[in-house]
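The structure under discussion appears below in the form of C-alpha cells.
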Amino acid sequence: MAANTSNVTAALPKPMKATSNGAFQHENPLDYALPLLILQICLVVAFTRTLAFLLKPLRQPRVIAEIIGGILLGPSALGRSERFLHTVFPPKSMTVLDTVANIGLLFFLFLVGLELDIRSIRRTGKKSLAIAGAGITLPFLLGIGTSFVLRSTISKGSAHAPFLVFMGVSLSITAFPVLARILAELKLLTTDVGRIAMSAAAVNDVVAWILLALAIALSGSNTSPLISLWVLLCGVGFVVFSVYVIRPLLELMARRSPDGEPVKEIYICITLSLVLASSFVTDSIGIHALFGAFVVGILVPKDSPFPGVLIEKIEDLVAGLFLPLYFASSGLKTNVATISGAQSWGLLVLVIATACFGKIIGTMLVSRMIFKVPFREAAALGFLMNTKGLVELIVLNIGKDRKVLNDQTFAVLVLMALFTTFITTPIVMAVYKPARKGAPYKNRTVKRKDLDTELRLLACFHSSRNIPTMINLVECSRGTRKRGRLCVYAMHLMELSERSSAISMVHKARKNGLPFWNKKRDDRDQMVIAFEAYQQLSSVTIRPMTAISALSTIYEDICTSAHQKRAAMILLPFHKHQRVDGSLESLGHSLQEVNQRVLRHSPCSVGILIDRGFGGTTQVSASDVSYKIVVPFFGGSDDMEALAYGMRMAEHPGIMLTVLKLVPASGKTLFTLEGHDTNVIRVENDKNYNSQADSEIFFSEFVQHAAKQLQDSVTHEERVVESKADVVAALKSMSKSNLFMVGRMPPIAPLLISTDTPELGPVGSFLATSNFSNTASVLVIQHYNPNVNLHPLVQEKENDDTDDGTDTPVLVDKY
C-alpha cells in the first residue's frame, strides 16, 4: 500500500513554488509561479491592447481584439511553437493562470450585475420583449437542430441533453455589454433602433443566464435527473436567500453612504467578501461560481452612489489586467487546426449560417410583421441582436470544462462568436445610418440685423478648470437688452472610454432625462452648482447638457446640438492650458482635432477660448466685473463677427472695449505680407478682398453706434502699419488687457513663421504664444460660412421643429 502511494506521488508533477531566489542564485524565474504569472499578464495585456489599437479604425469592440489575441497566443498560432508554449504557458502553470483569470471574471460579472437594473427590464415595452423572445426562441430551436448534425459528425459520444442545451444557449445569446459598446460607437443609442436593441439585449442577457444555469445543472458528471433537479432547486434557494438576506444588508450599507460623503472602507470590504462567499456557495451547489457574483451585483441598490464607488474601486484592475487573462485561457484551449477537411469547414459555415439566420431573421420577422418596423431598421436590429461576446465564451468554456464540447466543436463555436460580432459594426453602418434632422434657422451668427432677438450660445467645457472662465465670458455676453435675452447651453464634453461603466453612466443619463451630474460626485457636483448659482444671480438662462462620445466623433454631437438648439455661436476651450510659469501646455492632440473638426462642420459661428485666467480662478459677480477687451480689426467676415460680439459685451457696465483698426500705409494694399524680407502688404484672396467694402461699411456703422449709445465704454483708434513688425508692435501695446477678440482668418499674413495651432489663424496663433502675453486671454472667432460646410451633419426640413424650448438636455452616445 505504501509502495503504491509513493509511486502515485512520484508520478504527480512537482507543484510550482511561488517565488524564486533570483537569477544570481542560478534559478530560472519562469520556473516559479509568481514571476511566470507576471510575465503572462504583461504579455497578454500588451498583445491584446496592440490588437485593439490596430482594429480601432475598423470600429471593432475591444472584446474582438481580446478573443483574437487569446486565439493567436494559443496552439492556433504562436502556441504552435512548442518552445514558446512550454516557456510562457507551461501546463504546470495553467492552474494558477485559470484561477486568477476566473477571479477576475467573478468580479467582472459582479460589475455587469451592478450595471444591469432589473427595474428597467420590468419596464421593458411589448415591442422589446417580443423582439427579445424571437431573438432567443428561433436561434435556440435552430441550435437544437444543429446539435443533431454535430453529434452525428464531429461530436460523437457527447451527452445528448447537455449538448442540446449548450448548443441552443450558445446560438441564442446576445452580448449586452458588447452591443452597448457598438451602439455607442455608432451613435445609435438615442435612436429607436438603439433603445429597442438595448432593452431586448438586457432581457436576452437575463434569460441566457437562466438557460446557462439549466445547461450546467444538466451537465454534471452524475447523469441522474434527481441530481440535476437538486442543483436547480438549490440554485433557486440561493437566489431567494440572496433577495431576503443579502439585499437588505446591501441596502443598509447603501443608505449609510449618502451623496457627497466617502463610502466607508468596511462597506467595500463586506461587499467584495459577499461576492466571493456567494461564488463559493454557487460553486458548491454546482451551477458555477460566476452566478453568485452576478446575483450580488444585481442586488446592489442602483439609486445611490454606492455602486459607483464599487465600480471605481475595482473596474480598472479587473477589466484591464485580469479579464484579458480569461480570453488568453480560452484561446489556449482553442485550436483552429482541429477544423480541417471539407466536413469541418462545412460545419463551421453551417453553424455561422444557423446562428445568423436565427437571430437576424427571427428579429426581422417580428419587427416587420408585428410592429411594422421599416426594413432598414429591422435589418439593423437583426444584426445588432446577433452580437456575441464574453458571455458566449463563458458558456463555451464551461461546456468544454464539463466535457460537453470537444476541441473541434469548441473551436467551431468560438470562431462563430468571433465572426458574428466582427461583422456587426460594418454591416449596421452599411444598412442603417439615421439622418439627423433639424429645422433651418436664421440667426447663426452674433452679427445680425435685429439685435433684440435672443442670443443662443453653446458653451463647451471638458473639466471644472474651464468653468470659471466660461461663466465670466457668459456674464460679459449677457448685454442689457430687455428683449434680446441670452440663453446658454452648457455642454460637458466627456470622452467615451473603454470602461464598461461609461456605458452605464450614459444609460442613467438618458433614463433620468438629466445629465449624470445628478450622481453628485465631487467634480460633477461643482460644475452644476456653479452654473445653477450663476443662473440664479443673473438673467441668463442656463441649460446643462452632456455629450459622451469618442473624441474622434464628438464634433458631430457638438455641431448637431448647436443646430438643434439654434445656437448662434459655439464656444470651445483651447486644447492647451496655462501652467504656473505662464506657458501653455497641451492636453492632447485629440482635443485639438475636436476643435478643428467643429470649425469645419459647424452650423454657426465658432469661438475658441485661450484661457489665461479671464476673471481669475473663480466666478466674478456682475457688480465686480471690470475688464478691458480689445478687438483688433483688419477686415473680413471673421473680424466683423468678433466686433459684433465685442459690441454686445460693451453693453455691460463693467466692460471697456477698445477697437484697434489696423490700416495699411498709403499706396499699399491689404492685407497679406509678401515674403519675410519685404514690407509690402497685399491681398491674400478674392474672398477677403470682396469683403473689405462690407467691412468698411460695418465699421462705420459701429462708430456711429458707439458714439450714440456706447460712448462711455467704447474707444476706437486707427493705426497705420507698413510691415508685420508694425502689426506685432500694435498688438503688444494692448497686451495688458484682459481679453482679445480676433477673427480667425483676417486677410493678413501669418505673424509667426511656423505654428502648431493653424486653427487659430494668422493673428490668433501669435496671440496664443507666451511671447505676446501671460495674462491676456484670447477668443478666436470664425464667422459662419454656409459655403464651406459642404457636408452638413443635420438634414434641414422646414416642418421639423426640433427645438421646443424645453430644458431637455442632449445626451449623446446614450449607453
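The values are calculated or read from the model by the stated rules, or taken from the named source; none is laboratory data. Computed from a predicted model, the values in this text were never measured in an experiment. Note: ideal-geometry Cβ built from the backbone for every residue, glycine included; neighbour counts use all protein chains shown. These area figures cover heavy atoms from the full protein model, side chains too; ligands, DNA and RNA do not enter into them. Shrake-Rupley method; radii C 1.70, N 1.55, O 1.52, S 1.80 Å.
Taking residues in region 240-266 that are of a type in the set (Val, Ile, Thr), and partners anywhere that are not in a loop (DSSP other than H, G, I, E, B), the pairs with Cβ atoms closer than 8 Å and at least 6 places apart or on different chains are Val243/Leu299; Ile246/Leu274; Ile246/Ser278; Ile246/Val296; Ile246/Leu299; Val263/Phe306; Val263/Val309.
Go through region 335-355 and give me each residue that's under 30 Å from Met198 (Cα atoms) and touching a helix residue (DSSP H, G or I) at 6+ places or on another chain (Cβ under 6 Å). Result: Leu348, Val351, Ile352, Thr354, Ala355. Entry remark, region 604-627: residues being at pLDDT below 90 and either assigned to a strand (DSSP E or B) or open to solvent by less than 20 Å² (accessible area, probe 1.4 Å) (or both) number 4 in total.
From Ile467, Ile423, Ile427, grab the single residue that is touching a Phe, Trp or Tyr at 6+ places or on another chain (Cβ under 8 Å) and at pLDDT below 90. Spell out how you get there, then give the answer.
Details: Ile423 fails: at pLDDT below 90; Ile427 fails: at pLDDT below 90.
On inspection, the qualifying residue turns out to be Ile467.
The selection criterion, being open to solvent by 10 Å² or more (accessible area, probe 1.4 Å) and assigned to a helix (DSSP H, G or I), holds for Ile352.
For region 418-453, what are the residues that are in a loop (DSSP other than H, G, I, E, B), surrounded by fewer than 15 Cβ atoms within 10 Å (Cβ to Cβ) and either in contact (Cβ under 8 Å) with a residue 60 or more places away in the chain or of a type in the set (Asp, Glu) (or both)?
Step one: list which residues in region 418-453 are in a loop (DSSP other than H, G, I, E, B), which gives 423, 432-435, 439-453.
Still in the running and surrounded by fewer than 15 Cβ atoms within 10 Å (Cβ to Cβ): 433, 435, 440, 442, 449-450, 452.
Ala435, Pro440, Asp450, Asp452, listed by residue number.
Search region 745-789 for residues being among the hydroxyl-bearing types (Ser, Thr, Tyr) and farther than 21 Å from Ser733 by Cβ, and hand back the single one that is modelled with the lowest pLDDT. Walk me through it before giving the result.
From region 745-789, those among the hydroxyl-bearing types (Ser, Thr, Tyr) are 754-755, 757, 765, 769-770, 773, 775, 777, 784; that's our starting set.
Those left that are additionally farther than 21 Å from Ser733 by Cβ: 754-755, 757, 784.
On the way: Ser754: 82, Thr755: 87, Thr757: 90, Tyr784: 91.
Only one residue fits best here, namely Ser754.
Inspect all residues belonging to region 701-718 and state whether any of them is on the phi < 0 side of the Ramachandran plot, among the basic types (Lys, Arg) and at pLDDT 85 or above.
Let us first name the residues in region 701-718 that are on the phi < 0 side of the Ramachandran plot, namely 701-718.
In the following step, the residues that additionally are among the basic types (Lys, Arg) were identified as 708.
After this cut, where a residue has to be at pLDDT 85 or above as well, the list is none.
No, because not a single residue in region 701-718 is on the phi < 0 side of the Ramachandran plot, among the basic types (Lys, Arg) and at pLDDT 85 or above.
One residue stands out in region 538-568 among those that are within 22 Å of Ser777 (Cβ to Cβ) and not in a loop (DSSP other than H, G, I, E, B): the one that is modelled with the lowest pLDDT, namely Ile542. So Lys372 fits all but one of (1) assigned to a helix (DSSP H, G or I); (2) open to solvent by 10 Å² or more (accessible area, probe 1.4 Å); (3) without any contact (Cβ under 8 Å) to a residue 24 or more places away in the chain; what number is the exception? It is condition (1) that Lys372 fails. Being open to solvent by 10 Å² or more (accessible area, probe 1.4 Å), more than 30 Å from the chain's Cα centre (by Cα) and not small (Gly, Ala, Ser): is that true of Val742 here? No. Among the residues of region 478-487, some residue qualifies, meaning at least one is open to solvent by less than 10 Å² (accessible area, probe 1.4 Å) and modelled with pLDDT under 70.
Within region 47-61, how many residues are buried (at least 21 other Cβ atoms within 10 Å of the Cβ) and part of a helix (DSSP H, G or I)? Of the residues in that region, 1 qualify.
Would you check if Phe698 is closer than 14 Å to Asp638 by Cβ, hydrophobic (A, V, I, L, M, F, W, C) and at pLDDT below 80? The answer is no for Phe698. Of all the numbered requirements in (1) over 33 Å from the mean Cα position of the chain (by Cα); (2) within 18 Å of Ala355 (Cα to Cα), Ser172 misses one, and that requirement is (1).
Tell me, yes or no, whether region 569-589 has at least one residue that is in a helix (DSSP H, G or I) and surrounded by fewer than 19 Cβ atoms within 10 Å (Cβ to Cβ).
yes
When Ser605 is tested against (1) under 26 Å from Lys437 (Cα atoms); (2) out of contact with any Asp or Glu (no Cβ under 6 Å at 6 or more places or on another chain), only condition (2) is not met. Out of Ala130, Ala197, Ala161, one residue alone is in contact (Cβ under 8 Å) with a residue 40 or more places away in the chain and under 26 Å from the mean Cα position of the chain (by Cα). It is Ala197. If you go through region 224-259 and keep only what is out of contact with any helix residue (DSSP H, G or I) (no Cβ under 6 Å at 6 or more places or on another chain) and of a type in the set (S, T, N, Q), you end up with just Ser224.
Search region 82-121 for residues being open to solvent by less than 20 Å² (accessible area, probe 1.4 Å), more than 28 Å from the chain's Cα centre (by Cα) and not small (Gly, Ala, Ser), and hand back the single one that is nearest to Ala277 (Cα to Cα). Checking each candidate, the answer is Leu97.
Please go through region 276-293 and give me each residue that is open to solvent by 10 Å² or more (accessible area, probe 1.4 Å) and either free of Cβ contacts under 8 Å to residues at least 60 places away in the same chain or in a helix (DSSP H, G or I) (or both), ordered by number. Within region 276-293, Leu276, Ala277, Phe280, Val281, Asp283, Ser284, Ile285, Ala289, Phe291 qualify. All of Phe306, Phe322, Phe294 fail the test of being in contact with a Leu (Cβ under 6 Å, 6 or more places away or on another chain) and either more than 18 Å from Trp209 (Cβ to Cβ) or not aliphatic (A, V, I, L, M) (or both), apart from Phe294. Per the listing Phe574, Phe516, the residue uniquely modelled with pLDDT of 65 or more, at negative phi and among the aromatic types (Phe, Trp, Tyr) is Phe574. Inside region 375-417, residues that are assigned to a helix (DSSP H, G or I), closer than 16 Å to Leu150 by Cβ and not basic (Lys, Arg) make up a count of 14. Name the residues in region 375-390 that are open to solvent by less than 20 Å² (accessible area, probe 1.4 Å) and closer than 22 Å to Ala130 by Cα, would you? Across region 375-390, the qualifying residues are Ala378, Ala379, Ala380, Leu381, Gly382, Leu384, Met385, Asn386, Thr387, Lys388. Which of the residues that make up region 590-603 are in a helix (DSSP H, G or I) and of a type outside the set (Gly, Ala, Ser)? Once the filter is applied, which keeps residues that are in a helix (DSSP H, G or I) and of a type outside the set (Gly, Ala, Ser), region 590-603 yields Leu591, Gln592, Glu593, Val594, Asn595, Gln596, Arg597, Val598, Leu599, Arg600, His601.
When residues in region 236-275 are screened for being surrounded by 14 or more Cβ atoms within 10 Å (Cβ to Cβ) and either in a loop (DSSP other than H, G, I, E, B) or of a type in the set (Ser, Thr, Tyr) (or both), 5 of them pass.
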